[in-house]
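The values are calculated or read from the model by the stated rules, or taken from the named source; none is laboratory data. In this text the structure is predicted, and so the values were computed from the model without any measurement. So basically every Cβ, Gly included, is an ideal-geometry build from the backbone, and we count neighbours across all protein chains shown.
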Amino acid sequence: MSDNVIEIRNLSKVYRDFWGRPKVKALNSLSLEVKRGEIFGLLGPNGSGKTTTLKLLLGLLFPTEGSVRILGRPAHDVEKNERIGYLPEESYLYRFLNADETLDFYGRLFKMSAAERKKRCDELIQRVGLQGGARHRQLKEYSKGMTRRIGLAQALINDPELVLLDEPTSGLDPLGTRDMKDMILDLRKAGKTVVMSSHLLADVQDVCDRIAILYRGELKVIGSVQELLESREETQILTSQLDEATLKEVEQVLQRRGASVKKVSHPTSTLEDLFLRTVAESEARPGRRFEPGERPSNEKA
Ligand SMILES: Nc1ncnc2c1ncn2[C@@H]1O[C@H](COP(=O)(O)OP(=O)(O)OP(=O)(O)O)[C@@H](O)[C@H]1O
């Protein structure tokens, strides 16, 4: 069997107006593959065709031209959707159900037995962090972050091989974002394939193995994140703290070899990291306040 979970060939989509006249060319001759077990990111500015691509993969839209094969089947084959999970950009869940009832409802759609539904529901609620009181509250009372979590649980109810996530981290605070990213990485560990669209480039960089950048419906860049971002003209060496004399010696060695030191600095961590450490430290020690310029230690609280 092919290693490609998704094969898109020369895919175009033209949206038509009420009278059937072409209105918008949302995708123009897109070709790409997604391999089994990878996390693939679809990037692009507003209106570049990301959601259209995801909907074409699900068979919710018909292509104007080209073909899509997904899990070895044509995209219009509805049976393949039993092996796919989908988190849409906007939540379409029933507002008056609680988390348990929501997952039970979707479990029934997949014809799962009552015992199976109960087991899967417990597992997923735990996995997306909605255990405790949240589980029994109606979704209309949920925050954005909680809504995204139950949306992900719903997308995973059928233990899908392929998960399509439209803007999974949009509207989440840094804690929710970190959890969502960890949940996506867990899916890869479990051998699933994930395709996600996002505007949030740092999130994509953190989790995706490969990305494609679309612009006005056309594929502009595709490749592994590592390869695309790596600078091959420079070398970076990270060492323990060096004193002035040692630095001078290193510089002299490099000069003798025809190279030069362009920058000497201390590595910085990310703002996400600082934020998460501050929250963890505040939870662990509620009375603690940091002086201006002071920060929580690098050790995980
Ligand atoms: N149902 C529709 N009818 C007409 N035009 C549409 C329809 N859906 C999308 N479009 C148009 O197709 C183009 C691609 O839209 P799409 O939603 O796929 O982009 P996107 O990359 O997901 O954008 P965003 O980042 O804003 O979610 C846009 O110009 C959009 O206006």
Q.
Looking only at segment 164-191, filter to residues that are more than 21 Å from Ser91 (Cβ to Cβ) and in contact (Cβ under 8 Å) with a residue 12 or more places away in the chain; which one of those is farthest from the ligand (Cβ to nearest atom)?
A. Gly191
(Q) I'd like the full set of residues that are of a type in the set (Ser, Thr, Tyr) and either more than 8 Å from the ligand (Cβ to nearest atom) or outside the structural domain of Lys80 (by TED's automatic domain parsing) (or both), limited to segment 40-65. (A) Thr64
Q: Within segment 202-212, identify whether any single residue is part of a strand (DSSP E or B) and among the acidic types (Asp, Glu), and answer yes or no.
A: no
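When you go through Val14, Val24 one by one, which is the residue that is within 15 Å of the ligand (Cβ to nearest atom), assigned by TED's automatic domain parsing to the domain that holds Thr147, over 19 Å from Ser198 (Cβ atoms) and in contact (Cβ under 8 Å) with a residue 24 or more places away in the chain?
Numbers: Val24 fails: in contact (Cβ under 8 Å) with a residue 24 or more places away in the chain.
Testing whether each residue is within 15 Å of the ligand (Cβ to nearest atom), assigned by TED's automatic domain parsing to the domain that holds Thr147, over 19 Å from Ser198 (Cβ atoms) and in contact (Cβ under 8 Å) with a residue 24 or more places away in the chain leaves just Val14.
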Q | Failed item in (1) surrounded by 15 or more Cβ atoms within 10 Å (Cβ to Cβ); (2) aromatic (Phe, Trp, Tyr); (3) not in a helix (DSSP H, G or I), with Tyr94 passing the rest | A | (1)
Q. If Glu89 satisfies every condition in (1) away from the ligand (no atom under 13 Å from the Cβ); (2) at pLDDT below 95 but one, which is the exception?
A. (1)
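Restricting attention to segment 181-190, does a residue exist that is crowded, with 18+ Cβ neighbours inside 10 Å, among the charged types (D, E, K, R) and touching a helix residue (DSSP H, G or I) at 6+ places or on another chain (Cβ under 8 Å)? Break it down stepwise before answering.
If we filter segment 181-190 for residues that are crowded, with 18+ Cβ neighbours inside 10 Å, which is where we start, we get 181, 183-184, 187.
So of that shortlist, the ones also among the charged types (D, E, K, R) come out as 181.
Then keep just the ones that are touching a helix residue (DSSP H, G or I) at 6+ places or on another chain (Cβ under 8 Å); that gives 181.
So far as segment 181-190 goes, yes, one or more of its residues are crowded, with 18+ Cβ neighbours inside 10 Å, among the charged types (D, E, K, R) and touching a helix residue (DSSP H, G or I) at 6+ places or on another chain (Cβ under 8 Å).
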Q.
For segment 17-48, give me the residue count where each residue is part of a loop (DSSP other than H, G, I, E, B) and either at pLDDT below 95 or out of contact with any strand residue (DSSP E or B) (no Cβ under 8 Å at 6 or more places or on another chain) (or both).
A. 10
Q: Could you pull out the residue among Glu141, Glu161 that is of a type outside the set (A, V, I, L, M, F, W, C), touching a residue at least 60 places away in the same chain (Cβ under 8 Å) and surrounded by fewer than 23 Cβ atoms within 10 Å (Cβ to Cβ)?
A: Glu161
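Any residue at all in segment 186-203 that is outside the structural domain of Leu165 (by TED's automatic domain parsing) and under 21 Å from the mean Cα position of the chain (by Cα)? Show your work before the answer.
In the first step, residues of segment 186-203 are kept if they are outside the structural domain of Leu165 (by TED's automatic domain parsing); the result is none.
No, segment 186-203 contains no residue that is outside the structural domain of Leu165 (by TED's automatic domain parsing) and under 21 Å from the mean Cα position of the chain (by Cα).
With farther than 23 Å from Thr53 by Cβ and either in contact with a Pro (Cβ under 8 Å, 6 or more places away or on another chain) or more than 16 Å from the ligand (Cβ to nearest atom) (or both) as the only criterion, which of Ala153, Ala202 stands out?
Working: Ala202 fails: farther than 23 Å from Thr53 by Cβ.
Result of the check over Ala153, Ala202: Ala153.
Look at Gly47 and say whether it is more than 17 Å from Ser198 (Cα to Cα) and under 25 Å from the mean Cα position of the chain (by Cα). Let's see the steps before the verdict.
Details: more than 17 Å from Ser198 (Cα to Cα): no; under 25 Å from the mean Cα position of the chain (by Cα): yes.
So Gly47 fails the test.
Results for (1) of a type outside the set (D, E, K, R); (2) touching a Ser or Thr at 6+ places or on another chain (Cβ under 8 Å); (3) part of a strand (DSSP E or B), shown as yes or no for each residue.
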{"position": "Gln154", "(1), (2), (3)": "yes, yes, no"}
{"position": "Ile157", "(1), (2), (3)": "yes, no, no"}
{"position": "Val163", "(1), (2), (3)": "yes, yes, yes"}
{"position": "Thr169", "(1), (2), (3)": "yes, yes, no"}
{"position": "Lys181", "(1), (2), (3)": "no, yes, no"}
{"position": "Leu185", "(1), (2), (3)": "yes, no, no"}
{"position": "Met196", "(1), (2), (3)": "yes, no, yes"}
{"position": "Leu219", "(1), (2), (3)": "yes, yes, yes"}
{"position": "Ile222", "(1), (2), (3)": "yes, no, yes"}
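Mind listing whichever residues of segment 58-91 are part of a loop (DSSP other than H, G, I, E, B) and over 25 Å from Ser198 (Cβ atoms)? Steps first, answer last, please.
Residues of segment 58-91 part of a loop (DSSP other than H, G, I, E, B): 59-64, 71-72, 75-77, 88-91.
Answer for segment 58-91, where residues must be part of a loop (DSSP other than H, G, I, E, B) and over 25 Å from Ser198 (Cβ atoms): Phe62, Thr64, Gly72, His76, Asp77.
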Q | Unmet requirement for Pro174, which otherwise passes all of (1) over 26 Å from Gly59 (Cβ atoms); (2) at pLDDT 95 or above | A | (2)
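Kindly indicate whether any position in segment 29-39 is touching a residue at least 24 places away in the same chain (Cβ under 8 Å) and within 13 Å of the ligand (Cβ to nearest atom).
Here is the first cut: in segment 29-39, the ones touching a residue at least 24 places away in the same chain (Cβ under 8 Å) are 29-39.
When the remaining residues are screened for being within 13 Å of the ligand (Cβ to nearest atom), the result is 30.
Yes, segment 29-39 has at least one match.
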